[in-house]
Each structure stands twice: as structure tokens, then as C-alpha cells.
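The values are calculated or read from the model by the stated rules, or taken from the named source; none is laboratory data. Because the structure is a prediction, the values reported are computed rather than measured. Reconstructed Cβ throughout: ideal geometry from the backbone, glycine too, with neighbour counts over all protein chains shown. Just so you know, the surface numbers come from the protein's heavy atoms only, side chains and all, with ligands and any DNA or RNA stripped out. Shrake-Rupley method; radii C 1.70, N 1.55, O 1.52, S 1.80 Å.
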Amino acid sequence: MTQINAYLNFNRLTKEAMTFYKDCLGGELVMQKIGESPMAAQMPSEMAPQILHSSLTNNAIILMASDCMGPATVTGNNIALCINCSSDEEINSFFNNLAAGGKINEPLQQSFWGATFGSLTDKFGIHWMFNFTKN
């Protein structure tokens, strides 16, 4: 099923923020540290305890977050809409349509977590992430 989920970025506060959201909203919280991921060798060692990816799921509520946004996280660039697609055709169509007039940040490609992934900023300045995992 195709879904749009909010993806938040924090400056080293993801664990604290997502724990707070879990206390407020309930559900299951899963967090992966940078140091426990295949990206660990590519990152400075001081980033190891930071959160690479987290997700809070409670029925239809899905909130995702990370400490990894880039050099500076400020209000405005700290949230993206993540489309979890249901087919190759869908992810390619959505990605190409929303990229028109915008800027591709990461082209669609296979990720280490086994999904097709890409990101862009559309012509209105909205940040989008695209993910498709084949079953």
C-alpha cells in the first residue's frame, strides 16, 4: 500500500524526540545507530551514537526520524515527506514528476537496506524521499 509519512530530522536529538513521541502516541519505536549500520565506516567515529533511522509505528501512525540531515538542520529543512511506494513504476513516476523544475538530491538507486531510494527538493522547496521495497 502506498503511503506518505513525515520524516523528521534532528540535530543529535532524535533519540530524545522519538522517545517523547512514543510516550505521547504509543506504538513501537525502532532506532538504528550510525555505528550499527553499514554506513559506520563512511562516517566520523563521533557520529556512531547518532540515530541513522528511527520509526515509530502505532496502527496507521508512522513517524520516522534521523540525526542525519547534512551540515545544518533548521526549521524548514528538518522535515521531508517520505513516499513508501508499491511498485517500480510508481516510484519512478512519482520521483520524475516531482523532480520537474526541482533539484534531485539523491537519484533513485538501490540502498543498503534493500529498497530503491531517492530524494529531491521540488520546485516549491518541499523535501521528498522515495522508498520502494520489493516483497
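Quick notes
- Taking (1) modelled with pLDDT of 85 or more; (2) loosely packed, with under 12 Cβ neighbours inside 10 Å; (3) in contact with a Ser or Thr (Cβ under 7 Å, 6 or more places away or on another chain); (4) of a type in the set (A, V, I, L, M, F, W, C) in turn, Met1 satisfies each apart from (1).
- Test: Ile79 is open to solvent by 70 Å² or more (accessible area, probe 1.4 Å) and under 13 Å from the mean Cα position of the chain (by Cα): yes
- Any hit, region 76-83, residues being polar (S, T, N, Q) and either modelled with pLDDT of 90 or more or not in a helix (DSSP H, G or I) (or both): yes
- Neighbours by Cβ (under 6 Å, 6+ apart or cross-chain): first from region 101-120, hydroxyl-bearing (Ser, Thr, Tyr); second buried (at least 18 other Cβ atoms within 10 Å of the Cβ): Ser111/Phe117; Thr116/Ile91; Thr116/Leu108; Thr116/Phe132; Ser119/Met129
- Residue count for region 51-71, restricted to those that are open to solvent by 60 Å² or more (accessible area, probe 1.4 Å) and modelled with pLDDT under 90: 5
Matching residues to (1) touching a residue at least 12 places away in the same chain (Cβ under 8 Å); (2) more than 17 Å from Phe132 (Cα to Cα); (3) among the small types (Gly, Ala, Ser):
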site: Gln3; (1), (2), (3): yes, no, no
site: Asn11; (1), (2), (3): yes, yes, no
site: Pro38; (1), (2), (3): yes, yes, no
site: Ser45; (1), (2), (3): no, yes, yes
site: His53; (1), (2), (3): yes, no, no
site: Cys68; (1), (2), (3): yes, yes, no
site: Phe95; (1), (2), (3): yes, no, no
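- For region 9-33, taking the residues that are within 14 Å of the chain's Cα centre (by Cα) and at pLDDT below 90, the one that is most open to solvent (accessible area, probe 1.4 Å) is identified as Phe10.
- Checked against the criteria, Asp88 does not count as under 26 Å from Ala41 (Cα atoms), acidic (Asp, Glu) and open to solvent by less than 70 Å² (accessible area, probe 1.4 Å).
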